[in-house]
Amino acid sequence: NAEGALAGLRYMHIEQMRWEIPKASGKEPTPRFGTTYSVAATSLFLFGGETDGGVLLDSLYQFDTSNNSWHSHSCRGVSPGAVVNAAAAAIGSKMYVFGGWNGVELLQPKLHVLDLSTMIWDVCPDDGEQPAPRQLHTMTAVRDSLIVYGGKGPDGKNIIPKDDLAIYDLSSETWSYPACRGEAPGGRWGHQAMLWGNCLAIGLGADNERETVVLSMLNLETYAWEA
């Protein structure tokens, strides 16, 4: 918020439209912003972020919703390193991280994967053209695929909002770029994305000039945008 990075976790009870701060055991993460949250089974996994003092983080925390407990993990392997404004999503027992800023430059467009059963990082193989480097984008898990949309990235010497959609197929280990029809959200960063039925919902965030409350839906069967 306006006073700085926040710590703590809050629940929203959807039916009652009521917020709650759960009583949790274990050491919770320190205040940070630009983190990623991923849901796997009954746990939330928090990775990376930046402190108010400008320190970038590569720590991984797990919040177990079955007993409201925090756990920190030491990981091995080829990790993304300390990063802010990345995007993450989990499929099965694996968490995937793409993009972000490491304090010097945007991360190279490699898709990192963390095996949550062994806590070992690796880099996913990929064939074909990779998405351009970016931050403040979204990545959404859809069955055995990961869908990346938007963010901010370079265009020559300028940094602009991205309006492209890229899909990584876990089975074929390839990136693809479907041609979409209809009125797309356009360049968008700092937005949110989620799967809603057979549609990818994109909402909020900002374009090149201002914040927006526009919600757009992409039908993942026809790849047609529906405002």
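General observations
- Breaking point among (1) closer than 20 Å to THR140 by Cβ; (2) touching a strand residue (DSSP E or B) at 6+ places or on another chain (Cβ under 6 Å), for GLY92: (2)
- Single residue of ARG10, ARG32 found to be within 26 Å of MET194 (Cβ to Cβ), surrounded by fewer than 13 Cβ atoms within 10 Å (Cβ to Cβ), out of contact with any helix residue (DSSP H, G or I) (no Cβ under 6 Å at 6 or more places or on another chain) and basic (Lys, Arg): ARG10
- Pairing residues of region 177-202 that are among the aromatic types (Phe, Trp, Tyr) with residues that are surrounded by fewer than 14 Cβ atoms within 10 Å (Cβ to Cβ), at Cβ distances under 8 Å and at least 6 apart in sequence or on separate chains, gives TYR177/GLU129.
- Yes/no for PRO109 being under 15 Å from VAL148 (Cβ atoms), modelled with pLDDT under 95 and not small (Gly, Ala, Ser): yes
- Total residues in region 63-93, condition in contact (Cβ under 8 Å) with a residue 40 or more places away in the chain and either of a type in the set (Ser, Thr, Tyr) or crowded, with 17+ Cβ neighbours inside 10 Å (or both): 16
- Among the residues of region 94-111, the one identified as of a type in the set (A, V, I, L, M), surrounded by fewer than 22 Cβ atoms within 10 Å (Cβ to Cβ) and either touching a residue at least 40 places away in the same chain (Cβ under 8 Å) or in a strand (DSSP E or B) (or both) is LEU106.
- Selection within region 204-223 - of a type outside the set (A, V, I, L, M, F, W, C) and farther than 20 Å from GLY100 by Cα: GLU209, ARG210, GLU211, THR212, SER216, ASN219, GLU221, THR222, TYR223
- Among residues of region 116-150, those that are within 17 Å of GLY186 (Cβ to Cβ) and either surrounded by fewer than 16 Cβ atoms within 10 Å (Cβ to Cβ) or of a type in the set (Phe, Trp, Tyr) (or both), counted: 2
- Of the strands (runs of 3 or more DSSP E) lying entirely inside region 112-168, those carrying at least 2 residues that are touching a residue at least 12 places away in the same chain (Cβ under 8 Å) and within 26 Å of SER216 (Cβ to Cβ) are 138-142, 145-149, 152-155, 158-161.
- For region 43-80, a residue qualifies if it is among the small types (Gly, Ala, Ser) and either more than 15 Å from ILE120 (Cβ to Cβ) or more than 16 Å from the chain's Cα centre (by Cα) (or both), and the qualifying residues are SER43, GLY48, GLY49, GLY53, GLY54, SER59, SER66, SER69, SER72, SER74, GLY77.
- Filter pass, ALA179 being exposed (fewer than 15 other Cβ atoms within 10 Å of the Cβ) and more than 17 Å from the chain's Cα centre (by Cα): yes
- Test result for GLY156, closer than 21 Å to GLU105 by Cβ and either in contact with a helix residue (DSSP H, G or I) (Cβ under 8 Å, 6 or more places away or on another chain) or of a type in the set (Gly, Ala, Ser) (or both): yes
- Residues of region 177-227 classified as more than 26 Å from VAL84 (Cα to Cα), aromatic (Phe, Trp, Tyr) and in a loop (DSSP other than H, G, I, E, B), total: 1
- Listed by position, the strands (runs of 3 or more DSSP E) contained in region 1-87 that have at least 2 residues being among the aliphatic types (A, V, I, L, M) are 36-40, 43-47.
The values are calculated or read from the model by the stated rules, or taken from the named source; none is laboratory data. Predicted model only: the values in this text are computed from it and were never measured. Please note: Cβ atoms are built from the backbone with ideal geometry, for glycine as well, and neighbour counts cover all protein chains shown.
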